[in-house]
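Let me begin by presenting the structure, written as structure tokens, before commenting on it.
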Amino acid sequence: MRDAVAPSLAAWQPVLIAIASAASVNDNDGAHDLHHLHRVWTNAEALMAAGSGADADADPLIVMAACYLHDLVNLPKNHPERATASRLSAARAVAALAAAGFPAARLQAVAHAIEAHSFSAALPARTLEARLVQDADRLDGLGAIGLARLFYIAGQMGSALAHALDDRAYALDHIVVKLARLPALMQTAAGRALAGQRLARLLAFRDEFALEWGRAP
Ligand SMILES: [Fe+2]
């Protein structure tokens, strides 16, 4: 199937970017802008290239569509409706893709991958494509870029830099409260390996930070 759809990836990518850009919900959000969507797709490509066994046979068109459209509706972490955002994104994505002539037989698979990517929605990822998109999105929360996004989002929520274990009030605690759990929650072997490497960088930063914080007057 991969060979059959490969030529259409290049044709669909600009369409997906146009749909994501038209939604414009992420225009003033540097943690969830078009660069985030490109990185998630790049992560997913790397995971697919590294996949073996059961992880090797994803439909890349479904994965790419879900990567670019997974944050069409993006609510802040402290928004009461946050857990519904991925379902709303999936519904908007299906409508936009159908209007653009996306292969109808793949629409439900794209919708599921979008719905299941979200941590707060807590839906099981039932397909390989959904597992790949979930891992690819979570990888962007780890490593150097994950760290930059962490403090960017904390700034949006008005959180302090650090203190005790409460990741809504204190940005640094997000590393221990959530991010340190991500490698074990990865759905693919390649995702688990990459997440472990990126988490190690985050924890090294956290150690440096704690050292300086401890010295602060
Ligand atoms: Fe995302």
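Helix-only arithmetic for the chain: the sum of -39500 (n - 2.57) across DSSP H runs with n ≥ 4, divided by the residue total, places the mean residue ellipticity at 222 nm at -20500 deg cm²/dmol. Working note: Debye formula, equal point scatterers on the alpha-carbon atoms of the chain, no solvent; log10 I(q)/I(0) at q = 0.11, 0.14, 0.15 Å⁻¹ is -0.52, -0.83, -0.94. Checking every one of the trypsin sites (Lys or Arg not before Pro) in segment 171-217 against DSSP loop status and a limit of 16 other Cβ atoms within 10 Å picks out K178. Express the Stokes-Einstein translational diffusion coefficient of segment 141-217 in µm² s⁻¹, to the nearest whole number, given a Kirkwood radius over alpha-carbon pairs, 25 °C and a viscosity of 0.890 mPa s. Estimated diffusion coefficient is 192 µm²/s.
To the nearest ten degrees, helix 128-139 and the longest principal axis of the Cα atoms of the chain are 30 degrees apart. When you filter the GluC sites (Glu not before Pro) in segment 72-141 for DSSP loop state and at most 12 other Cβ atoms inside 10 Å of their Cβ, you are left with E81. Ordered by solvent-accessible area of protein heavy atoms (1.4 Å probe), largest first, the residues T42, T127 come out as T42, T127. Compared with the dominant principal axis of the Cα atoms in the chain, helix 107-116 is inclined by about 10°.
Axis of helix 2-23 versus longest Cα principal axis of the chain: the two differ by about 60°, to the nearest ten degrees.
The values are calculated or read from the model by the stated rules, or taken from the named source; none is laboratory data. Note that the structure is predicted; figures quoted are calculated from it, not measured. Cβ coordinates were reconstructed from backbone atoms using ideal geometry, including for glycine residues, and neighbour counts include every protein chain displayed. All accessible areas refer to the heavy atoms of the entire protein, side chains included, with ligands and DNA or RNA removed. Shrake-Rupley method; radii C 1.70, N 1.55, O 1.52, S 1.80 Å.
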